[in-house]
Ligand code: 1CP
């Protein structure tokens, strides 16, 4: 039924058959990221390896400590591959976490059952920030490079995405001590001692640049910067505390021969008032949450930057009919021009039924518009 109502614009299988067996689709993700025409919309999902998968839960019941899982290249490779074995996805993302960098810089991190990440002690003073390590910190994350090398061998041409958190987003966890509801600790520190927060952001930026360069050297084909919590700041504060650090990272990567051609996707969750600044970063893609219409975003950003997104992750708990309609709506909202990578507007939720992911991927293929 959904298909009928949309048949004038949908790329239904009888008009443009997609035959994965005959065609090499390995570079669809990178082509779309370069805003080149593609025969169908590529798809991958934020947090595609995670607790919604029975095989992941089984491994997690054996390896109780999440950090141990990330630090073991063989296990991290195995988890990265789990969704690729189950679904026909167009990209993989290395299994790791944005917070490990804080630990590498010397702030003890743990992940507690039901509680999420915990930094203890949390950052409260300039002195603590001064003591954070930057010289060797990126080297302490070499297990991520080792895992990348293993995954690249297994992936067979499917592009692997490397990632980091934005310095601001990582700093929120280091100052709050973990997940926060109102971010009052980091905001208070920023208003009372902006130089302390800025030093922390500088140190995180410096380490992140080295860390991302190492990921590219190890074999990732694209990079993603997650700024999950930039949206809690006013535009003015965002430019100072989040955007400036991301700018520094992008500038350093684009100035280096070894990394300048690796495309970068930026997830500035909930920050849709500063599109011209986001585009001016000189990145290749923007990841968009579900609160805005992709077609509207496309009008704001022009044709030269790819858009990734933006299905509400809770729609994976909807009825199949509703999910189907919404997949079609997202694709049609972006429209026929090149540069759309289908994804969720945020990470997949642990309660997601795995068979809904299978349906989603099938429907992305069915409703894809040839660009
Ligand atoms: O098994 C478990 O209990 C751990 C759950 C888990 C997983 C699967 C955590 C703890 N991290 C991860 C992996 C992860 N984290 C990936 C892997 C690759 C993939 O996408 O498959 C990525 C890209 C992240 C990124 C990440 N971690 C972000 C940015 C994206 C986002 O979702 O907003 C953030 C904010 C984190 C912090 C973090 N790590 C883990 C949790 C539960 C959280 C979020 C805590 C919070 O809600 O504040």
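If you check residue 268 against the conditions, is it at pLDDT 95 or above and surrounded by fewer than 17 Cβ atoms within 10 Å (Cβ to Cβ)? When the stated conditions are applied, residue 268 does not pass them. Across region 211-257, the number of residues qualifying as surrounded by fewer than 17 Cβ atoms within 10 Å (Cβ to Cβ) and either touching a strand residue (DSSP E or B) at 6+ places or on another chain (Cβ under 6 Å) or under 19 Å from residue 94 (Cα atoms) (or both) comes to 1.
Output yes when any residue across region 5-28 is modelled with pLDDT of 95 or more and within 16 Å of the ligand (Cβ to nearest atom), and no when none is. Checked against the condition, which is being modelled with pLDDT of 95 or more and within 16 Å of the ligand (Cβ to nearest atom), region 5-28 yields no hits at all. Considering only residues in region 34-65 that are in contact (Cβ under 8 Å) with a residue 12 or more places away in the chain and assigned to a helix (DSSP H, G or I), the one that is nearest to the ligand (Cβ to nearest atom) turns out to be 56.
State all residues of region 248-272 that are more than 16 Å from the ligand (Cβ to nearest atom) and within 14 Å of the chain's Cα centre (by Cα); if no residue qualifies, say none. Result: 263, single match.
So which residues in region 98-114 are within 9 Å of the ligand (Cβ to nearest atom), surrounded by fewer than 22 Cβ atoms within 10 Å (Cβ to Cβ) and in contact (Cβ under 8 Å) with a residue 40 or more places away in the chain? Listed by number, the residues that qualify are 98, 111. Within region 84-97, residues that are farther than 15 Å from residue 53 by Cα reach partners that are part of a strand (DSSP E or B) with beta carbons closer than 6 Å, at six or more positions or on different chains, in the pairs 90/43; 91/161; 92/160; 93/161; 94/162. Within region 112-123, the set of residues being at pLDDT 95 or above and either over 13 Å from residue 175 (Cα atoms) or not in a strand (DSSP E or B) (or both) comprises 120, 121, 122, 123. Reported count of residues in region 172-202, each being within 15 Å of the ligand (Cβ to nearest atom), outside any helix (DSSP H, G or I) and either more than 22 Å from the chain's Cα centre (by Cα) or closer than 16 Å to residue 128 by Cα (or both), is 2. Scanning region 148-171 for residues that are within 13 Å of the ligand (Cβ to nearest atom) and in a loop (DSSP other than H, G, I, E, B) turns up just one, 166. Of all residues in region 66-105, those that are within 30 Å of residue 364 (Cβ to Cβ) and part of a helix (DSSP H, G or I) total 15.
The values are calculated or read from the model by the stated rules, or taken from the named source; none is laboratory data. Values in this document were obtained by computation on a predicted structure and should not be read as measured data. So basically every Cβ, Gly included, is an ideal-geometry build from the backbone, and we count neighbours across all protein chains shown.
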